[in-house]
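The values are calculated or read from the model by the stated rules, or taken from the named source; none is laboratory data. Note that this is a predicted model, so its numbers are computed, not measured. For neighbour counting, all protein chains shown are included, and Cβ atoms are generated from backbone atoms with ideal geometry for every residue, glycine included. Ligands, DNA and RNA are stripped out before the accessible areas are found, and what is left, the full protein with its side chains, is counted by its heavy atoms. Shrake-Rupley method; radii C 1.70, N 1.55, O 1.52, S 1.80 Å.
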Amino acid sequence: MQDRQIRVIGIGTGDPEHLTLQAVRALADVDAVFVLDKRAETADLVEIRRRICAAHIAKPHRVVTVEDPPRERRPADYGGTVAAWHAARAERLETAFAAHLRPGEVGAILAWGDPALYDSVLRILDRIADRGRVAVTRTVIPGLTSVQVLAARHGVPLNGIGGSVLITTGRRLAAGWPADAESVVVMLDGDPAFGHLDPDLTIYWGAYLGGPDEILLSGRLGDTGDAIRRVRAEARDRHGWIMDIYLLRRDRAATDRTGKPA
């Protein structure tokens, strides 16, 4: 009996033109698309996926909506809570594969941005494979990340000459500026708090990147941080959800030869 095939396809950050030629080819012969749906709060994101499927899948296909299990957003045990959430997601997707994808057929999961960067789909498919109840062969198609789109929209490089870039989360940044870092990209920051950071950092912030509601702000953190928080809160109230990201950079000219701020 043939395995079911699952293609995990990175679709960029919202602009239909973010799809690569490889992604378009991978979509062409898909039989079923599986969408994890967070109900009303992400209806816009589900609709974007539907439009992509309608434009690029060249045969009759099924769109299978799988209700995303809820999780606590500020848990005491973050690791344990996320692991339980992944387990619940795996169980629901596994059930959907068995019910809606016949052996030998091709299914797809459209991952926002790139499936390898702060996305849980590949870990969930690992769980399904480890359980061994549904035989699935997977292929991963990379996508354009919000990190790249943010830098492009602001027209700036991510790194200094010969420098490094750290990609981290708001939860980790809350502990303080990472040692020896010059450029830090921050994702998954549900409540940005900049007050504890150096006000002379430069911030490049973006929300809804690639979409019609895109917002961009940049400047010295001490001058721009409060405006970003205000605009972000207003946008979240207006849309019911927000996806944003920001780059923080330290000016090398303000650093002495020891690598410490001047």
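Looking at THR137, is it hydroxyl-bearing (Ser, Thr, Tyr), open to solvent by 30 Å² or more (accessible area, probe 1.4 Å), modelled with pLDDT of 90 or more and under 28 Å from ALA28 (Cβ atoms)? For THR137, the condition - hydroxyl-bearing (Ser, Thr, Tyr), open to solvent by 30 Å² or more (accessible area, probe 1.4 Å), modelled with pLDDT of 90 or more and under 28 Å from ALA28 (Cβ atoms) - is met.
Of all the strands (runs of 3 or more DSSP E) wholly in the range 1-115, which have at least 3 residues that are open to solvent by 30 Å² or more (accessible area, probe 1.4 Å) and under 28 Å from GLY210 (Cα atoms)? Where strands (runs of 3 or more DSSP E) fall fully within the range 1-115 and carry at least 3 residues being open to solvent by 30 Å² or more (accessible area, probe 1.4 Å) and under 28 Å from GLY210 (Cα atoms), they are 62-67.
Being at negative phi, of a type in the set (Phe, Trp, Tyr) and touching a residue at least 40 places away in the same chain (Cβ under 8 Å) is a property that TYR208 lacks. For the range 162-184, a tally of residues being free of Cβ contacts under 8 Å to residues at least 60 places away in the same chain, assigned to a loop (DSSP other than H, G, I, E, B) and open to solvent by 60 Å² or more (accessible area, probe 1.4 Å) returns 5. Annotation note: Cβ proximity below 8 Å between a residue of the range 90-112 that is without any contact (Cβ under 8 Å) to a residue 60 or more places away in the chain and farther than 13 Å from VAL63 by Cα and a residue that is among the β-branched types (Val, Ile, Thr) and in a loop (DSSP other than H, G, I, E, B) (sequence gap 6+ or interchain) occurs for GLU94/VAL134; ALA98/VAL134.
Just one of the listed residues (GLY143, GLY113, GLY104) is touching a Pro at 6+ places or on another chain (Cβ under 9 Å) and farther than 17 Å from THR65 by Cα, and it is GLY143. For GLY210, the criteria (1) small (Gly, Ala, Ser); (2) more than 20 Å from the chain's Cα centre (by Cα); (3) buried (at least 20 other Cβ atoms within 10 Å of the Cβ) hold in every case but one, which is (2).
Just one of (1) open to solvent by less than 50 Å² (accessible area, probe 1.4 Å); (2) at pLDDT 95 or above; (3) not in a helix (DSSP H, G or I) fails for ALA227. It is (3).
Only one entry of ASP189, ASP198 meets the criterion of being under 21 Å from ASP119 (Cα atoms), open to solvent by less than 60 Å² (accessible area, probe 1.4 Å) and either of a type outside the set (Val, Ile, Thr) or part of a loop (DSSP other than H, G, I, E, B) (or both), and that entry is ASP189.
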